[in-house]
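Asks: Below is the structure I would like to discuss, written out as structure tokens.
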Amino acid sequence: MVLLAILLGTMAAGIGSVWLAALLSFGALARYTQHMLSLAAGALLGTAFMHLLPEAFESQLSPDQLFATLLVGVVFFFLLDKAELWHHGHEHHAPSTARLDPGHGHAHDGHAADHAHGHDHGQTSGGWAILAGDSVHAFGDGILIASAFMADMRLGFVAALAVLVHEVPHHMGDLIVLRRQSANNRRIAIVKVSLAGAVTALGGVVGYALVEHLIGYLPFFLVLAASSFMYVALADLIPQLQKRATLQETAAQVAWLAIGIGLVMLVSRLAHEH
């Protein structure tokens, strides 16, 4: 009975939060694509700095261990991103240089190929870091939900609801990033984030079996997830917002960034109060 409740709770929290985020991101807010990039950056930074890291540092682990994990995580996601870009560039390098103009038999202008190649880089950067960070975060959430259910059934349902609501602003950011990297395909973005969210159920099952052994590692899961969100926000999203813009456009960027951070802070506070 407890295992069934854990499965239902973790699936609702992990996947339900993604679908709710999709309704908001691709429904009422779909017209504000550029503003949503700012919102995504704010939500990811807010999740990392205002939720994951504070919760990790509430543990008995030393700050040195957690900061070392954060540093390793950022470097790991940087290398993961570089590997993703290298693989993508390797796949497209030969066709872009060997392509001939059908009318004159000459290769296309190198600058145009470089421009297209650079555009591809912008479209793929950070995708795997987002999904890896989501999966680690979801696995940790699953362990937390499982431990709450094993302590008390009502507490478990409250924990699952809190995770569901808390993840919505963060998943809005994920979906916006991944849609941009999937040729503006919303369905692909939703499927990818939903699969990462489903890892919550895996965390719940593993937590049910090994909760006493895994609970001590939760701070490391939280810090690793934080490192991925920080990397994507700072290395992929914010650089796109640093392009030359008018004062009004800059003010809008800052406002939406603040809204993203504020949403995460508000939901996190409400979740902890209940």
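Asks: Going through region 134-179 one residue at a time, which ones are in a helix (DSSP H, G or I) and of a type in the set (Asp, Glu)?
Replies: First, the residues of region 134-179 that are in a helix (DSSP H, G or I): 134-151, 153-179.
134, 141, 167, 174, listed by residue number.
Asks: List the residue pairs whose Cβ atoms are under 7 Å apart, where the first residue sits in region 173-194 and is modelled with pLDDT of 85 or more and among the hydroxyl-bearing types (Ser, Thr, Tyr), the second is assigned to a helix (DSSP H, G or I) and buried (at least 23 other Cβ atoms within 10 Å of the Cβ), and the two are 6 or more positions apart or on different chains.
Replies: Taking only residues 6 or more apart or on different chains, the pairs are 194/18.
Asks: Go through region 235-257 and give me each residue that's outside any helix (DSSP H, G or I) and of a type outside the set (S, T, N, Q).
Replies: The answer is 243, 244, 245.
Asks: Which members of region 234-258 meet the condition of being at pLDDT 85 or above, crowded, with 17+ Cβ neighbours inside 10 Å and under 19 Å from residue 49 (Cα atoms)?
Replies: Once the filter is applied, which keeps residues that are at pLDDT 85 or above, crowded, with 17+ Cβ neighbours inside 10 Å and under 19 Å from residue 49 (Cα atoms), region 234-258 yields 256, 257.
Asks: Okay, next question. Taking only region 220-257 into account, find how many residues are touching a Gly at 6+ places or on another chain (Cβ under 6 Å) and closer than 14 Å to residue 40 by Cβ.
Replies: Residues flagged as touching a Gly at 6+ places or on another chain (Cβ under 6 Å) and closer than 14 Å to residue 40 by Cβ within region 220-257 amount to 5.
Asks: Also, quick follow-up: Looking at 148, 162, 132, can you tell me which residue is under 16 Å from residue 14 (Cα atoms), surrounded by 14 or more Cβ atoms within 10 Å (Cβ to Cβ), at pLDDT below 75 and among the small types (Gly, Ala, Ser)? If you could, list the steps in order and put the result at the bottom.
Replies: Details: 148 fails: at pLDDT below 75; 132 fails: at pLDDT below 75.
Criteria check complete, one pass: 162.
The values are calculated or read from the model by the stated rules, or taken from the named source; none is laboratory data. The structure displayed is predicted, hence computed values, not measured ones. So basically every Cβ, Gly included, is an ideal-geometry build from the backbone, and we count neighbours across all protein chains shown.
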